[in-house]
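K.L.:
Mind having a look at this structure? Questions to follow.
The values are calculated or read from the model by the stated rules, or taken from the named source; none is laboratory data. Just so we're clear, the structure is a prediction, and the values are computed from it rather than from any experiment. As a convention, Cβ positions derive from the backbone with ideal geometry for all residues, glycine included, and neighbour counts pool all protein chains shown. The protein model used for the area step is the full one, side chains on, heavy atoms only, and it has no ligands, DNA or RNA in it. Shrake-Rupley method; radii C 1.70, N 1.55, O 1.52, S 1.80 Å.
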Amino acid sequence: MLERAGLKERARTVISGVKAATPGRLLLVYLAFRQITSALGLTSLGGHPQMVRPLLAPMAEAAAEGRLGTLSEGMRNRIRAHAAAADNVGLFFGEDIFIAIGSILLIRGFLDQNGIHVEPAQLALWAIPTAVCAFVIHGTRLVFLDRSLRPRP
């Protein structure tokens, strides 16, 4: 319904008007938003059908078009892949910080079966460095995306 109402076109228009917007910067902000919200247990706020396809990917494409003009199909697909990856990485590594999520309870159950007793809060605490590393690594990939999309002289 959102796509039929022109949300994709409106998002493209808004981003194309922002001069400082690049695909990497936009996706980096979304990655941070996705990790923070999933760490708070709000895992349903993003996702491929709700956020990436109708909003995030078109906005990232518009940011690239603002700098490069018309994009090739390969560039367009690469930007879409990075948008999907930002959502996946943000959710996967952010949700383990929330103690009442299924993955933490699954890990705790597995460890309990093998005689290792840990509290969910301890598991969530130890997920923070992993989430930070994932953010830094994927953020670096997004910076490289921007560098690869620079106009050639």
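K.L.:
Dipole of segment 1-120 (Lys/Arg Cβ +1, Asp/Glu Cβ -1, origin at the Cα centre): which of Ala11, Pro54, Gly90 lies farthest to the positive side?
P.N.:
The residue sitting farthest along the positive end of the dipole is Ala11.
K.L.:
If you roll a 1.4 angstrom probe over the protein chains with everything in place, what fraction of the accessible area of the chain belongs to carbon and sulfur, to the nearest %?
P.N.:
In the chain, the share of accessible area belonging to carbon and sulfur is 66 percent.
K.L.:
Please give the FRET efficiency for Ala121 paired with His48, using the beta carbon to beta carbon distance and R0 = 35 Å, rounded to the nearest 0.05.
P.N.:
Efficiency computed from Cβ-Cβ geometry: 0.70.
K.L.:
Once you sort the root eigenvalues of the Cα gyration tensor of the chain as a ≥ b ≥ c, which label holds: rounded (a/c under 1.5), prolate (a/b larger than b/c) or oblate (the other case)?
P.N.:
Prolate.
K.L.:
Mind running the shape call on segment 19-62? Use the C-alpha gyration tensor, a ≥ b ≥ c as the square roots of the eigenvalues: rounded below 1.5 for a/c, prolate if a/b tops b/c, oblate otherwise.
P.N.:
Since a/c reaches 1.5 but b/c is at least a/b, the shape of segment 19-62 is classed as oblate.
K.L.:
Another question, if that's okay. How far is it, in nm, from the label point at Asp112 to the one at Leu68 when both lie 7 Å from their Cα along the line to the Cβ?
P.N.:
Going by the 7 Å Cα→Cβ label model, 5.0 nm.
K.L.:
Name the helices (complete DSSP H segments) of the chain with a Cα length along the long axis of 18 Å or more and a Kyte-Doolittle mean of at least -1.0, or state none.
P.N.:
Membrane-span-like by this criterion, though nothing is claimed about a membrane: 23-39, 73-94, 120-148.
K.L.:
Enter the Cα centre distance for the pair segment 1-59 and segment 78-153, rounded to the nearest angstrom.
P.N.:
18
K.L.:
Here's another thing I want to ask about it. Given points 7 Å out from each Cα along the Cα-Cβ axis, report the Asn77 to Leu105 separation in nanometres with one decimal.
P.N.:
4.0
K.L.:
Can you give me the long-range amide H partners of Gly47? Hydrogens built in the peptide plane at 1.01 Å from N, cutoff under 5 Å, separation of 5 or more residues or another chain.
P.N.:
Val52
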